[in-house]
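Structure record follows, encoded as structure tokens.
The values are calculated or read from the model by the stated rules, or taken from the named source; none is laboratory data. Here the structure is a predicted model, which is why all the values come from computation and not from measurement. Cβ coordinates were reconstructed from backbone atoms using ideal geometry, including for glycine residues, and neighbour counts include every protein chain displayed.
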Amino acid sequence: MGQIFPRAAVQVCVIAQNCLAEAYLCQVLRRERLIRALTLKQFMLSSPLQRGNTVFVVDQCGLDVPLVECIRHLRPRSSDPRFVILDYEKSNEGIVQLLAMGAHGYVPHADVSRGLVRAIFLVAANEFWVPHDAFLEFLREAASVLRKDARDCQTTTPRENEILELVRIRLSNREIAELLQIRVSTVKFHLSNILSKMRAKSRRDLRAVPSEQLWKRLTS
């Protein structure tokens, strides 16, 4: 991955549950003169005009809410939000999951000091910062989705479609229940109906079901 230097300063909002992690990330970013690092509190106190074109750096470790909910909450707060996720070392499958949630970059904790600034510059320039193999896997999944016949999805209810989308980004039944504020037993009931309607044997089979949201996230 190459280096891109922005023409103007990039605004970055740091989100970390641990105050020490937040302070460390801000310290790393403020060494770079082309980055304007803010905490979430500082970002929320800024005016709507000042919130445009923000790169959100989210430390997934220790988050009290599911990452997908965090991204959905932050997305409308900026006119052109971009997301770089920090976490422990992930497999390609885990990185594909992040991309499906709407992330644009992933940096392992061990690479923060030497890789985070580069990741931010690339993501701010509308590029992706993930391993090449993981991005190719994501593209293959998206291509598979587009080749599938979407007619089967039309037989599901709006709630089933919602749960299906969350299954596709590999959330557990408990995570889905917490996000939708329903019981785990209700999730299982809907999931059973979805499996029957889609003639699928397992959750893994459902990940190949057509999803317009996956393509929207890919091209956004």
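Being assigned to a helix (DSSP H, G or I) and in contact (Cβ under 8 Å) with a residue 40 or more places away in the chain: is that true of Leu63 here? Judged against the criteria, Leu63 is not a match.
When residues in segment 157-198 are screened for being over 22 Å from Phe138 (Cα atoms), modelled with pLDDT of 90 or more and part of a loop (DSSP other than H, G, I, E, B), 3 of them pass.
Set side by side, the residues His73, His132 differ, and just one is farther than 20 Å from Val167 by Cβ and over 12 Å from the mean Cα position of the chain (by Cα), which is His132.
Residues in segment 47-60 that are at pLDDT below 90 and assigned to a loop (DSSP other than H, G, I, E, B): Ser47, Gly52, Asn53. Taking Ile120, is it more than 30 Å from Cys13 (Cα to Cα), assigned to a helix (DSSP H, G or I) and either acidic (Asp, Glu) or touching a residue at least 24 places away in the same chain (Cβ under 8 Å) (or both)? Spelling it out, it is not the case that Ile120 is more than 30 Å from Cys13 (Cα to Cα), assigned to a helix (DSSP H, G or I) and either acidic (Asp, Glu) or touching a residue at least 24 places away in the same chain (Cβ under 8 Å) (or both). Can Arg72 be described as in contact with a Lys or Arg (Cβ under 8 Å, 6 or more places away or on another chain) and either of a type in the set (Lys, Arg) or surrounded by fewer than 17 Cβ atoms within 10 Å (Cβ to Cβ) (or both)? No: the conditions fail for Arg72. Taken together, Lys216, Lys201 contain a single residue that is part of a helix (DSSP H, G or I), charged (D, E, K, R) and either at pLDDT 85 or above or surrounded by fewer than 16 Cβ atoms within 10 Å (Cβ to Cβ) (or both), which is Lys216. Yes or no: Val107 assigned by TED's automatic domain parsing to the domain that holds Ser46, without any contact (Cβ under 8 Å) to a residue 24 or more places away in the chain and out of contact with any Lys or Arg (no Cβ under 8 Å at 6 or more places or on another chain)? Against the criterion (assigned by TED's automatic domain parsing to the domain that holds Ser46, without any contact (Cβ under 8 Å) to a residue 24 or more places away in the chain and out of contact with any Lys or Arg (no Cβ under 8 Å at 6 or more places or on another chain)), Val107 qualifies. Among the conditions (1) at pLDDT 90 or above; (2) touching a Gly at 6+ places or on another chain (Cβ under 8 Å); (3) not small (Gly, Ala, Ser), Lys41 misses just one, which is (2).
Restricting attention to segment 158-187, the residues that are without any contact (Cβ under 8 Å) to a residue 60 or more places away in the chain and either surrounded by 13 or more Cβ atoms within 10 Å (Cβ to Cβ) or at positive phi (or both) total 18. Scanning segment 54-70 for residues that are farther than 18 Å from Asn18 by Cα and over 10 Å from the mean Cα position of the chain (by Cα) yields Thr54, Val55.
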